[in-house]
Structure formats: structure tokens, C-alpha cells
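The values are calculated or read from the model by the stated rules, or taken from the named source; none is laboratory data. In this text, all values refer to a predicted model and were calculated from it rather than measured experimentally. Glycine gets a Cβ as well: all are built from the backbone with ideal geometry, and neighbour counts include every protein chain shown. The protein model used for the area step is the full one, side chains on, heavy atoms only, and it has no ligands, DNA or RNA in it. Shrake-Rupley method; radii C 1.70, N 1.55, O 1.52, S 1.80 Å.
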Amino acid sequence: MRQLLVVGNWKMNGSRASINSLLDGLLSGPAVAGTEVAVCPTYVHLPQVLALCAASAMTVGAQDCSHMQSGAYTGEVAPGMLAELGCRWVILGHSERRQYHGESDALVAAKVAVAIEAGLQPIVCVGETREQREAGEAQRVVSAQLKGALQGQASLNALVVAYEPVWAIGTGLTATPEQAQEMHECIRACLESIDGADAQATRLLYGGSVKADNAAQLFAQPDIDGALVGGAALQAADFKAIIAAAAA
Ligand code: 13P
């Protein structure tokens, strides 16, 4: 039985004040039993968020990390530094990193390796563009991204995969629960073929315009084990409604 996981990817948003008030809202009221919840702020806000979440069940992750553990990589942050700070997760291969920073599957694979070595749990993102879906290429593209990022890794026990169709991110368009389930089934089948991965134990999150009003239908699908939430994770009431849908 896979425990549902709901992760907020705050992207490049927030100030010290807005984060205080967001976490105040998120951490007030009883914690929802049975669902794991995590938030991923920017690097600079990690110490603040870790301190505010310390007494709660909410865990914390980063949105990226370096492909190296130390050295002359100006501007980069090593996974060991994130682990030492208290981070549990790191999002890797997000489509915004692929699109704006030219990240390749090979670079994502290198990041996955060092993240696992540092003791972090990678949340590896995959997803096709609208053009690729319309060309009937979605499953081929996503399987290739997954194999490219995971092949050759020694141990993938801590792995989480997030399916985020690029056309659904920040657009208000969501994959239908059936489209998402179909792809998640394909991802699980692909994981079966990758050495070191435990396909049945790996949690597969859906991401792309997840909101309070579509979350329950997505979570009802057998291969959807939670969500990676962008915009709706920035409002406490919206994020809490998604967490509640996971627990229902
Ligand atoms: P939105 O929920 O804003 O569409 O963002 C999804 C996402 O990219 C999460 O990583």
C-alpha cells in the first residue's frame, strides 16, 4: 500500500513575511492523518521553512540541486548541503529546468545519483509537450525521460516520480484523470524494466494545474499516489483542500 504524498512546489515565489503567513495557515488545525505532505521553497527560504516545520509532520525539500557534491561550481548548491540542513526531498528534472536551463536527461541522471548518495529522496519529473502529445509521442517521450534519468542508478528505493505534462503546468488545463492514469500505468510498467527500481513501491505523483476541485478525481485513480502542486500550493486554504482530498 503506497501512502499518498502531496508536495507543494513553491517555485520562485515568497518572501519571509508571506512564507510565515502561508505556513501559519498550513500548520494550523489538526494534521491530516494518512497523507504525507511536503513543501519545496527556494534555497534561500529553506532554513526559515525548516525551522517553522520542525515541530510538525510536514517535511521539506529543495527544487533542484547540483550534479556534483562540491567544488568550483559557482551558484550551485550541493545535495549534501541540503541534506545537512534537514531537507528530505529534492525535485529534479522539472520541465522549467529543462526548458529554461537546458537540462538534459543525462544531467538529471547525474543529479539523481548524487542526491541519493547524499541521502535525499529525488522527485524526478517527466512529461511531454502539447506537440508531442498531439503527435502521439507522449508515452515514448516520458518513457525515454524516465530511462534516461534512472538507468544505471544503484538503488532507487527512495525514488518518487512526478508526471507533469508540460501543457498542463500553470495553464489551468489538467490531464483528465483517465489520461493521467494511462500515463501513470505506462510509467509503472517502464519502472518494472529499470534495474534497482521497485515499481510497485514507487509513488507516482501527478502535477499540472492540480486544484481543490480536481484533486479527488485524480487521487481516485489506482496509479496516482499524490500530487506535485504549483500555484495552488501558495494559498493555505487551497493546498489544505488538496491535502484533504488525498485523505478522503
Ligand atoms: P501548477 O500546479 O501551477 O500547474 O504547477 C505544476 C508544477 O509545475 C509543479 O511542479
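The table that follows gives values for the structure above.
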| item | result |
| --- | --- |
| Number of positions in the range 140-155 that are crowded, with 22+ Cβ neighbours inside 10 Å and over 17 Å from G207 (Cβ atoms) | 1 |
| Helices (runs of 4 or more DSSP H) within the range 42-124 that include 2 or more residues of a type in the set (D, E) | 105-117 |
| Count - residues of the range 38-58 that are of a type in the set (A, V, I, L, M, F, W, C) and open to solvent by less than 20 Å² (accessible area, probe 1.4 Å) | 6 |
| The range 229-240 residues that are charged (D, E, K, R) and at pLDDT 95 or above, paired with ones that are in a helix (DSSP H, G or I) and within 10 Å of the ligand (Cβ to nearest atom) (beta carbon under 6 Å, 6 or more apart) | D238/A232 |
| A110 vs. criteria touching a residue at least 40 places away in the same chain (Cβ under 8 Å), open to solvent by 10 Å² or more (accessible area, probe 1.4 Å) and out of contact with any strand residue (DSSP E or B) (no Cβ under 9 Å at 6 or more places or on another chain) | yes |
| Scope the range 164-182; condition part of a helix (DSSP H, G or I) and either within 13 Å of the ligand (Cβ to nearest atom) or under 16 Å from the mean Cα position of the chain (by Cα) (or both); matching residues | V166, W167, A168, A180 |
| Close pairs from the range 1-17: first farther than 22 Å from G170 by Cα, partner more than 9 Å from the ligand (Cβ to nearest atom), Cβ under 6 Å, at least 6 apart | R2/R203; R2/D225; Q3/E36; L4/T35; L4/D225; L4/G226; L4/A246 |
| Selection within the range 194-219 - open to solvent by 70 Å² or more (accessible area, probe 1.4 Å) and either under 20 Å from E128 (Cβ atoms) or within 16 Å of the ligand (Cβ to nearest atom) (or both) | K211, D213, Q217 |
| Residue in the range 13-29 that is among the hydrophobic types (A, V, I, L, M, F, W, C), within 16 Å of the ligand (Cβ to nearest atom) and either open to solvent by 70 Å² or more (accessible area, probe 1.4 Å) or over 19 Å from A212 (Cβ atoms) (or both) present | no |
| Among (1) buried (at least 17 other Cβ atoms within 10 Å of the Cβ); (2) away from the ligand (no atom under 16 Å from the Cβ) - the single one R98 does not satisfy | (2) |
| Any chance G71 is surrounded by fewer than 19 Cβ atoms within 10 Å (Cβ to Cβ), of a type outside the set (D, E), more than 16 Å from the ligand (Cβ to nearest atom) and over 30 Å from D24 (Cβ atoms) | yes |
| Candidate set: the range 220-240, residues that are among the hydrophobic types (A, V, I, L, M, F, W, C) and open to solvent by 40 Å² or more (accessible area, probe 1.4 Å); chosen: the one nearest to the ligand (Cβ to nearest atom) | L234 |
| Qualifying positions in the range 1-34 - among the hydroxyl-bearing types (S, T, Y) and at pLDDT below 95 | S28 |
| Residue, nearest to V77 (Cα to Cα), within the range 1-12, restricted to residues that are open to solvent by less than 10 Å² (accessible area, probe 1.4 Å) and either touching a helix residue (DSSP H, G or I) at 6+ places or on another chain (Cβ under 6 Å) or assigned to a loop (DSSP other than H, G, I, E, B) (or both) | W10 |
| Residue identified as open to solvent by less than 40 Å² (accessible area, probe 1.4 Å) and either among the small types (G, A, S) or without any contact (Cβ under 8 Å) to a residue 40 or more places away in the chain (or both) among E137, E128 | E128 |
